[in-house]
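Here the structure is laid out as structure tokens; the discussion comes afterwards.
The values are calculated or read from the model by the stated rules, or taken from the named source; none is laboratory data. The model shown is predicted, which means the values in this text are computed figures rather than measured ones. For neighbour counting, all protein chains shown are included, and Cβ atoms are generated from backbone atoms with ideal geometry for every residue, glycine included.
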Amino acid sequence: MKKIALISVSDKTGIVDFAGSLIEHNYKILATGNTAKLIAENGIECTEIRDFTKFPEIFSGRVKTLQPKIFGGILMRHDNESDVKEAEENNILPIDVVCVNLYPFPKVVNRTDIDLQTKIENIDIGGPSLIRAAAKNYKYVSVLTNPTQYKEFIEKLSGDGISKTIREKLASEAFSHTAKYDTLIANFFEKEFDTDESSLRINEPLISELRYGENPHQHASLYGNFYKYFEVLHGKELSYNNIIDFSAAVELVNDLEPNSCAVIKHTNPCGAATSDSIFNAYRQALSSDPVSAFGGIVAFNGKVELDTAEKLNEIFLEIIAAPEYSDEALELLKKKKNRRLVKMSKQVSAGLQVKSVPGGFVAQNLDTSQLSDDKLKIVTNKKCSDKDLEDLKFAWVICKHTKSNAIVYAKDKKILGVGAGQMSRIDSSKIASMKAGEHGHNLEGAVAASDAFFPFADGLKEIISNGIVSVIQPGGSVRDSEVIDEANKNNISMIFTGIRNFKH
């Protein structure tokens with residue numbers, strides 16, 4: 001007796017050839033409406049589900065395969081006497097192959113040109129049920145959910161046959177497929193109907209195994225759709241640390257004004273600048289701390305031309321990222337084989353930031369805070385100049401992307417010194433001053449940004465001692481009045497933002 005293969009696919013890539021190969025291996029084909037039509041049009045014998053079940057497709061195709069003859073054929077245990085007997089009594093035939101892929105809900109869920117009901121109609125019901133039933137009964141049934149599986153399946157069928165190991169692998173892939181599909185639907189419903197989120201659902205495909213994690217003894221992998229946003233144009237694969245540092249660089253430079261550059265080392269900015277050109281932005285950013293920049297990540301928010309490429313080639317850099325490169329720049333930069341060149345293909349959208357903790361996860365929205373001129377509060381007697389205000393806004397962005405406690409000194413929209421990740425804000429102030437001095441930057445007339453308020457006036461005193469003329473900080477300390485008094489005493493200006501930007 002011929003074995004039976006059930007085929008019902010939304011993505012019909014390769015399905016005609018696959019069906020033909022199954023026929024050659026003595027299978028009988030059952031198929032749903034449009035799938036059956038396509039297979040028959042190509043001269044391949046098949047039986048429509050409705051003819052097999054003696055029950056029509058109903059409700060505009062909403063119900064096609066949800067039938068006992070179908071699910072009984074998939075779920076029956078071939079070596080169970082009771083199952084075999086019940087199947088015979090109810091005229092149920094075993095189904096050995098289930099080839100199903102689902103309505104394209106993932107492709108329509110985020111489209112703005114499609115109404116809600118159309119999206120709802122693209123939620124597959126019968127398909128996931130067929131897939132799950134076949135995967136559950138993997139001891140007897142092979143389940144295929146992706147056209148990329150067809151070739152290998154036929155090759156195995158033509159060779160040693162379909163082993164239990166192969167069916168186990170297909171079942172695992174099938175459950176992963178439906179889990180991701182259901183995750184998208186659940187997330188969509190919660191967002192669409194303003195339902196409180198009750199679960200954190202992380203279900204992303206494996207992109208690649210990484211060489212190792214933060215250290216060689218740690219295993220690491222990359223999941224999701226990272227390469228939807230970034231295209232590696234040249235160089236060896238990105239490492240775990242590369243990806244973390246690179247992401248920090250992109251987040252920072254995308255927050256800056258046009259013609260900006262950011263240089264990142266261990267997720268913190270060691271250089272950044274905004275100028276009248278990408279070339280000058282890089283030159284200024286590099287001069288912030290050229291020692292730390294060695295082996296770092298450089299990101300731009302504008303096109304890299306040949307002059308910038310020539311300057312970039314003067315030191316070793318792990319990664320260069322930009323939205324666009326000239327042909328000449330790309331040709332030159334590719335001459336260094338180990339350096340990665342990345343094209344930032346799309347503006348990265350805001351999402352959840354997730355970190356693991358013992359026994360679970362913590363999650364938060366990304367920090368998308370922006371300064372608003374009408375909410376900036378000058379709290380000192382001295383007002384800041386327009387130029388100082390522009391530098392303060394620049395320094396605030398850098399501070400937002402620096403590990404707390406963070407202090408940033410800047411002038412002419414260029415980093416002069418950064419103090420990052422210290423237990424004391426005073427220590428961060430001292431380190432920022434030290435870094436500025438190491439590279440010959442005069443802090444007289446510069447501005448400073450702090451990612452959180454000053455709990456005491458001593459932190460501000462340290463900053464003022466370096467020649468800083470204006471400070472931007474969130475405010476909100478119980479001792480704000482003492483801090484303001486200290487600023488007034490030293491005749492500097494100070495702005496409160498009302499926005500704290502801790503970064504851990």
Residue set Ile70, Ile95; condition assigned to a loop (DSSP other than H, G, I, E, B), of a type in the set (Val, Ile, Thr) and within 25 Å of Ser176 (Cβ to Cβ); output residue Ile95
Checked the stretch 326-378 for anything touching a Cys at 6+ places or on another chain (Cβ under 8 Å) and not in a strand (DSSP E or B); matches are none
The number of residues in the stretch 1-10 that are surrounded by 14 or more Cβ atoms within 10 Å (Cβ to Cβ) and either charged (D, E, K, R) or assigned to a strand (DSSP E or B) (or both) is 6
Contact list, first residue from the stretch 67-85 and at negative phi and of a type in the set (Gly, Ala, Ser), second anywhere and part of a loop (DSSP other than H, G, I, E, B) and loosely packed, with under 14 Cβ neighbours inside 10 Å, beta-carbon distance below 8 Å, six or more apart or interchain, is Gly72/Asn90
Report task. Return yes or no: is Thr368 β-branched (Val, Ile, Thr), more than 25 Å from His439 (Cβ to Cβ) and free of Cβ contacts under 8 Å to residues at least 40 places away in the same chain? Result -> yes
Within the stretch 378-404, of all residues that are modelled with pLDDT of 95 or more and touching a Lys or Arg at 6+ places or on another chain (Cβ under 8 Å), the one surrounded by the fewest Cβ atoms within 10 Å (Cβ to Cβ) is Glu390
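Residues are listed down the side, and each one gets a yes or a no for (1) at pLDDT 95 or above; (2) touching a strand residue (DSSP E or B) at 6+ places or on another chain (Cβ under 7 Å); (3) under 26 Å from Ala273 (Cα atoms):
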position: Arg201; (1), (2), (3): no, no, no
position: Glu204; (1), (2), (3): no, yes, no
position: Arg211; (1), (2), (3): no, no, no
position: Ser221; (1), (2), (3): yes, yes, no
position: Leu238; (1), (2), (3): no, yes, yes
position: Leu252; (1), (2), (3): yes, yes, yes
Filtering helices (runs of 4 or more DSSP H) wholly in the stretch 262-325 for at least 1 residues that are in contact with a Cys (Cβ under 6 Å, 6 or more places away or on another chain) gives 278-288, 290-293
Subset of the stretch 225-261, residues touching a residue at least 12 places away in the same chain (Cβ under 8 Å), among the hydroxyl-bearing types (Ser, Thr, Tyr) and either buried (at least 23 other Cβ atoms within 10 Å of the Cβ) or in a helix (DSSP H, G or I) (or both), comes to Tyr227, Tyr229, Tyr240, Ser260
Among Val348, Val291, Val250, the single one that is in contact with a helix residue (DSSP H, G or I) (Cβ under 9 Å, 6 or more places away or on another chain) and over 24 Å from Ala406 (Cα atoms) is Val348
Conditions (1) more than 20 Å from Leu144 (Cβ to Cβ); (2) touching a Gly at 6+ places or on another chain (Cβ under 9 Å); (3) surrounded by 13 or more Cβ atoms within 10 Å (Cβ to Cβ); (4) not charged (D, E, K, R) -> Asn90 fails only (3)
Matching residues in the stretch 450-476 (out of contact with any Cys (no Cβ under 9 Å at 6 or more places or on another chain) and over 17 Å from Gly498 (Cα atoms)) number 13
Counting only residues that are without any contact (Cβ under 8 Å) to a residue 24 or more places away in the chain, hydroxyl-bearing (Ser, Thr, Tyr) and either in contact with a Pro (Cβ under 8 Å, 6 or more places away or on another chain) or part of a helix (DSSP H, G or I) (or both), the stretch 19-53 contains a total of 1
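This table checks each residue for (1) closer than 30 Å to Pro474 by Cβ; (2) at pLDDT below 90.
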| residue | (1), (2) |
| --- | --- |
| Leu312 | no, no |
| Tyr325 | no, no |
| Glu331 | no, no |
| Lys336 | no, no |
| Gly351 | yes, yes |
| Ser369 | yes, no |
_Regarding the stretch 172-192, can at least one residue be identified that is among the basic types (Lys, Arg) and part of a helix (DSSP H, G or I)?_
yes
Inside the stretch 98-132, the number of residues satisfying the requirement of being surrounded by fewer than 17 Cβ atoms within 10 Å (Cβ to Cβ), under 24 Å from Leu170 (Cβ atoms) and modelled with pLDDT under 85 is 3
Selection over the stretch 1-21 where residues are over 39 Å from the mean Cα position of the chain (by Cα) and of a type outside the set (Gly, Ala, Ser) yields a count of 4
Requested in this report: For Thr402, state whether it is assigned to a loop (DSSP other than H, G, I, E, B) and touching a strand residue (DSSP E or B) at 6+ places or on another chain (Cβ under 9 Å).
Outcome: yes
